[in-house]
Amino acid sequence: MTKWVYSFGDGAAEGRADMRNLLGGKGANLAEMSNIGLPVPPGFTITTEVCTYYYANGESYPESLKSEVEAGLAKVEATVGATFGDASNPLLVSVRSGARVSMPGMMDTVLNLGLNDETTAGLARHSGDERFAYDSYRRFIQMYSDVVLGVEHHLFEEALEVVKEDKGAILDTELDAPDLQRLITDYKKIVEDELGRPFPEDPKEQLWGAIGAVFGSWQTARAVTYRRLHDIPEAWGTAVNVQAMVFGNMGDDCATGVAFTRDPSTGENIFYGEYLVNAQGEDVVAGIRTPQHLTIAGREKQGSDLPAMEETMPDVFRQLDEVRANLEAHYRDMQDIEFTVQKQKLWMLQTRAGKRTSQAAIKIACDMVEEGLIDEETAVMRVEPQSLDQILHPRLDPKAERKVIAKGLPASPGAAAGVVVFTADEAEKLAQEGHQVMLVRVETSPEDIHGMHAAQGILTTRGGMTSHAAVVARGMGRPCVAGAGEIRVDYKGGAFSIAGVTVKAGDWITIDGSTGEVIEGRVPTVDPELSGDFARVMGWADAARRLKVRANAETPEDVSTAAKFGAEGIGLCRTEHMFFEADRIVAMREMILASDEAGRRHALGRILPMQRADFVEIFKLMRGKPVTIRLLDPPLHEFLPREPAEFEEVARATGVPVERVEARAAALHETNPMLGHRGCRLLNSYPEICEMQARAIFEAATAVGEETGAPPLCEVMIPLVGIKKELDLLKAVVDKVAKAVEAETGTAPNYVVGTMIELPRAALTANHIAETAEFFSFGTNDLTQTTYGLSRDDASAFLTNYEKRGIVEQDPFQTLDQAGVGELIEIAVERGRGTRPDIKLGICGEHGGDPSSVGFCERVGLDYVSCSPFRVPIARLAAAQAAIRARKHAAEKATA
Ligand code: PEP
Ligand code: MG
């Protein structure tokens, strides 16, 4: 027979901490605290399985639940020595929800349940405090009516105001017992007027009402939304905790408080908490009274003159401090606790793992290893990879004031301030003059790269998380807020406006690319700290992981950043980014505008030495680590200006008649350029581009090999292959160039040729492609785009709405869609390895830096992930956690 109710309290419990799925987080921890002998008011937990049953059976309960609840209640009565509903010495209970993971605000707590006219009189006599009894009763009616009966809260607040006004009182505490009795009558009338039936006086009816309300709260709109946002499955359900009340509001020898066993913002090993004398739990949270510090040190640090608990209740404080030590020793983690003191006796109401900043997480993990509480792998698991974003970049000084004027997508983390400029040229010019600039654009294009590089940060009003601005900014490590759609940019007027605020060119703004906030004026920032504890945790992570971590980078600055953050190679060097610099774009345009192959070769001849110099620098910086260089990928029109007005300038610079520039731009125009003449298609049309790039790579490698004695391994990557033959033809070109360079220099380049898998057809025919390709790199940006048939540049406009409505769980351009895109990857892995067992496999789409996507890469057995330089540490940690999880899983399987 299923057991539906689990008792706890009085130094024993039927549950345990590891029964969280059944008892919910709160219930499991109340049981655990009872088991380790901490003072927990007795109570019982109705399991999450009852919730599941309730919804599977037309909102009804299992048959034996009633008798199990009665038995649970009887145990509590026996322990406390009071009886539920008894007029002389009534037992009161609290009723709280408790899911497996905490869902704050899902259902409020009901306190003081069991009060009615008779039991309140009994409570008054028994406690010897009439005012306390009536105050508890009126709080109960208010809470129960709001939470369980659905009567609007403000009606009670208004009634309370009337009574206070009549009395001339300012504080609630000035009301005496008769005032409160009058208020109770008013409250009951409100309930009867609103519901057409009286407030329930029968404590049993109250109890079942509250239990039903907790289960009902699982399906409220806000709970459903919360679950969707936090990936909490519907099927988990919530438990209900019914627990004997203890009172922190029975006089000045009573108190209530909350605490963390260590400082949750710095991680320092100090007791960090607050309490209120003569108060009930909700008073601490409500912020009506100023809470006092637990410790003298805490009080002194904050410069508070309100006495600390250590001073006012030294005995209780000593007990609480012991509890703190017990909890940490037992849970081996920082805890967030709630407690109440009733007549100098300490009661523990809750404990759970405390939320903390990433800085605190790192410090606590390291300290706990030192203290022998946890091992190094556990420490690695304690830091949320994504949260490293908070510490790898400069962030806003938390002490500084800020006026947020707009919000966009948090496209590239970090905070930055600068004076507003609206063009890339202006950004570069002002930056050269020594100004800090913020580039503000409707959207950016490859032509803006130099300005993005010169700017402290980038703000766009259009585009999503994989828009040009977002991808490039992340790669460069520039903070970026993208798609701040409410901002209106007036390029002509040199200003942007939002909700009545106008910001002109030259005005300071600050952006926070981690939150998407746009802030007026200049807010100071603080720099990241990468040594010390951070380095220790990363060292442990590196020892635990299997996946290699590389970076997507092409500029020397980004490559150095990548190396600094621990990249083990370059997984994607996008060579087109190297063509946009001022001296190169002209040669590139000459190549595009040339009327024949000879003309193109001539222009390419001018680009060759520049490309070679780039590669030399990258190979040197990477010191023999593998570098994947991708040949030209974007359609050619991206290298020509968009505005006809700019054609003149191009004509002048290249010496080509403007008519020809116009004609060429028109010819290159494509309705659907992302699916058009780009990648290997373009290289097959103009193999001389492939030739030039291969030559630049091999000559650079040979030169660096000669200079350093360690010839680098070049991985030449052909983009957008969908048909094996596309790759075959280009590989032949690359091989021919290699032979030629060998003949000229006497050294055979050390290289392999591979392809990106970024089209579904490539994934499905991977067995054929692997006959030629020596490695695959999954380009999941394009693979997501082409699998969904969803434009990566335009989708953000409706994807947000899709997420809100639950049509998609997450933005598939940020978190890999494992069911669809992931399936194609798995197919390609299996078929590719079928043909070539030692084929090297990696991922270089944006997903390579997303922790859950990294977990997927570990599961399907890729060799490496590659991501933006600033996400390298995140990927290292995520890869370590995925490996540790996989090992644990395998060990569990082996024992089972
Ligand atoms: C990709 O498509 O995933 C990729 C890495 O290439 P790009 O973003 O340059 O198209
Ligand atoms: Mg691509």
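Of note:
Residue-wise test of (1) away from ligand 1 (no atom under 16 Å from the Cβ); (2) farther than 30 Å from Arg478 by Cα.
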position: Ser560; (1), (2): yes, no
position: Glu568; (1), (2): yes, no
position: His577; (1), (2): no, no
position: Phe580; (1), (2): no, no
position: Arg589; (1), (2): yes, no
position: Asp596; (1), (2): yes, yes
position: Gly599; (1), (2): yes, yes
position: Ala603; (1), (2): yes, yes
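- Within the range 291-306, restricting attention to residues that are surrounded by 19 or more Cβ atoms within 10 Å (Cβ to Cβ) and of a type outside the set (Ser, Thr, Tyr), the residue that is modelled with the highest pLDDT is Leu294.
- Top-ranked residue of the range 794-811 - restricted to ones that are within 16 Å of ligand 1 (Cβ to nearest atom) and either among the charged types (D, E, K, R) or modelled with pLDDT of 95 or more (or both), ranked as surrounded by the most Cβ atoms within 10 Å (Cβ to Cβ): Asp811
- Scanning the range 596-653 for residues that are touching a residue at least 24 places away in the same chain (Cβ under 8 Å) and assigned to a loop (DSSP other than H, G, I, E, B) returns Arg623, Gly624, Lys625, Pro626, Leu631, Leu632, Asp633, Pro634, Pro635, Leu640, Pro641, Arg642.
- Residue selected from the range 498-511 under the condition modelled with pLDDT of 95 or more and within 21 Å of Ala411 (Cβ to Cβ), by the criterion surrounded by the fewest Cβ atoms within 10 Å (Cβ to Cβ): Trp508
- Some residue of the range 852-859 being within 15 Å of ligand 1 (Cβ to nearest atom), part of a helix (DSSP H, G or I) and either in the same structural domain as Ala473 (by TED's automatic domain parsing) or over 23 Å from Ala379 (Cα atoms) (or both): no
- The one condition in (1) outside any strand (DSSP E or B); (2) farther than 16 Å from Ala244 by Cβ; (3) at pLDDT below 95; (4) of a type outside the set (Asp, Glu) that Ser97 fails to fulfil: (1)
- The set of residues from the range 756-793 being out of contact with any Pro (no Cβ under 7 Å at 6 or more places or on another chain), among the hydrophobic types (A, V, I, L, M, F, W, C) and surrounded by 21 or more Cβ atoms within 10 Å (Cβ to Cβ) comprises Ile757, Leu759, Ala762, Ala763, Ala766, Ile769, Ala770, Ala773, Phe775, Phe776, Phe778, Leu783.
- Exclusive hit being farther than 30 Å from Phe619 by Cα and assigned by TED's automatic domain parsing to the domain that holds Lys724, set Gly754, Gly789, Gly842: Gly789
- Looking across the range 747-763, the residues that are more than 13 Å from ligand 2 (Cβ to nearest atom) and not hydroxyl-bearing (Ser, Thr, Tyr) come down to Ala748, Pro749, Asn750, Val752, Val753, Gly754, Pro760, Arg761, Ala763.
- Test result for Gly705, more than 16 Å from ligand 2 (Cβ to nearest atom), exposed (fewer than 15 other Cβ atoms within 10 Å of the Cβ) and over 34 Å from the mean Cα position of the chain (by Cα): no
- Taken over the range 825-846, the criterion of being within 27 Å of Ser467 (Cβ to Cβ) and more than 13 Å from ligand 1 (Cβ to nearest atom) is satisfied by Ala828 alone.
- Condition check for Thr787: over 21 Å from Ala875 (Cβ atoms), assigned to a helix (DSSP H, G or I), hydroxyl-bearing (Ser, Thr, Tyr) and under 24 Å from the mean Cα position of the chain (by Cα): no
- All of (1) within 26 Å of Ser102 (Cα to Cα); (2) touching a Pro at 6+ places or on another chain (Cβ under 8 Å) hold for Leu392 with one exception: (1).
- Total residues in the range 428-467, condition within 18 Å of Gly493 (Cβ to Cβ) and either acidic (Asp, Glu) or outside any strand (DSSP E or B) (or both): 2
- Pick from the range 735-793, criterion among the acidic types (Asp, Glu) and within 15 Å of ligand 1 (Cβ to nearest atom), ranking: farthest from Arg462 (Cα to Cα): Glu758
The values are calculated or read from the model by the stated rules, or taken from the named source; none is laboratory data. Note that this is a predicted model, so its numbers are computed, not measured. Glycine gets a Cβ as well: all are built from the backbone with ideal geometry, and neighbour counts include every protein chain shown.
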